[in-house]
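Report on the structure given below.
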Amino acid sequence: MSEIAAVDPASFRRLMGRWPTGVSVVTSRDGERDFGLTVNAFLSVSVAPPTILISLGHEADSTEVVRRSGRFAVNVLSQDQRALSERFARTGPPEEKFRGVGLHRGLSGLAILDGTVATLEAGVTKAVTVGDHTLFVGVVDRVDVSGELAPLVFVRGQYAEPAGPDLLRLPKPKP
Ligand SMILES: Cc1cc2nc3c(=O)[nH]c(=O)nc-3n(C[C@H](O)[C@H](O)[C@H](O)COP(=O)(O)O)c2cc1C
């Protein structure tokens, strides 16, 4: 096992990339304008009340929208929604990200993407700035679960491939 003495940002990113996660698109709304970004920093915090946390970078346009509106939805992507993950990870006008994307409306008009594994809508109860990110804690007030779709998995900076009903084929480590 090799050690890194001083953790530079690139090594830290690579290291954290070894922690497999699901992939979601977080949506929020500024008046009538939808915003959305790909997020894997998402976790469950409490069961009663049902509470979740997302971590959003300060460079993302969506971060201020979540802060101002106090509401967001976490759309958990399915294995065949890799293109949506890539689309919502690009910077650019939000209208372009949402163009042609199938969606319906949740509470207070939030964009709920079609064909996902599940969607959780939440109202922000706490926002804590840590370094270059803000942690948004939210209490879940609506969920939308669609069948038994397999989730998209991200590890080592790549998407894992499905390999049979219960197995994932992990990407090969980058050289
Ligand atoms: C798999 C994946 C996971 C990501 N997770 C996060 C995350 O948890 N938090 C975050 O702020 N950005 C994350 N990003 C980067 C944002 O999606 C990206 O910066 C996006 O362009 C921001 O969009 P916006 O500026 O329109 O809000 C992730 C990107 C990818 C590809």
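The values are calculated or read from the model by the stated rules, or taken from the named source; none is laboratory data. Predicted, not measured: the structure shown is a model, and the values here were computed from it. Here Cβ is always computed from backbone atoms with ideal geometry, including for glycine, and neighbour counts include all displayed protein chains. Heads up: the accessible areas ignore ligands, DNA and RNA and are worked out on the full protein's heavy atoms, side chains in. Shrake-Rupley method; radii C 1.70, N 1.55, O 1.52, S 1.80 Å.
A few notes on this one:
- The peptide list 107-113, 146-152, put in order of mean Cβ contacts within 10 Å with the highest first, becomes 107-113, 146-152.
- The chain - mean residue ellipticity at 222 nm from DSSP helices (-39,500 (n - 2.57) per run, n ≥ 4, rounded to 500): -4000 deg cm²/dmol
- Over the range 21-150, all Cα pairs binned in 5 Å intervals from 0 give whole-percent P(r) values of 2, 11, 23, 26, 22, 11, 3, 0, listed from short to long.
- Taken per residue, the accessible surface of the chain reaches 60 Å², heavy atoms only and a 1.4 Å probe.
- Summarising the label geometry, the points placed 7 Å from Cα in the beta-carbon direction at Arg142 and Arg14 lie 4.4 nm from one another.
- The HN-Hα couplings worked out from phi for the range 112-125 by the Karplus form 6.51 cos²θ - 1.76 cosθ + 1.60 (θ = phi - 60°) are 10, 6, 7, x, 8, 6, 6, 10, 10, 9, 9, x, 5, 10 Hz, whole numbers, x standing for Gly and Pro.
- FRET efficiency estimate (nearest 0.05) - Cβ-Cβ, Val45 to Thr129, R0 22 angstrom: 0.80
- Total charge dipole magnitude, the range 1-158, about the Cα centre, Cβ charges on Lys, Arg, Asp, Glu only, Debye to nearest 20: 120
- Relative packing of 131-144, 83-96, which averages over residues the other C-beta atoms within 10 Å, highest first: 131-144, 83-96
- Amide H to amide H, with H built 1.01 Å from N, Ala150 comes under 5 Å of Gln79, counting only residues 5 or more places away or on other chains.
- For the range 97-159, a simple Cβ point-charge model (Lys and Arg +1, Asp and Glu -1, everything else neutral) yields a dipole of about 200 debye relative to the Cα centre.
- Coupling constants for the range 140-152 follow from the phi torsions by the Karplus curve (6.51 cos²θ - 1.76 cosθ + 1.60, θ = phi - 60°), and in residue order they are 6, 10, 7, 10, 9, 10, 10, x, 10, 5, 7, x, 6 Hz; glycine and proline get x.
- Computed E for Glu96/Ala6 - FRET, C-beta separation, R0 30 angstrom, nearest 0.05: 0.15
- Farthest positive-ward along the chain dipole, Cα basis, beta-carbon charges - from Leu77, Ala163, Gly147: Ala163
- Computed from backbone phi with θ = phi - 60° and the Karplus coefficients 6.51, -1.76 and 1.60, the 3J(HN,Hα) list for the range 11-27 is 5, 4, 4, 4, 4, 5, x, 7, 8, x, 9, x, 10, 10, 10, 8, 10 Hz; x is used for glycine and proline.
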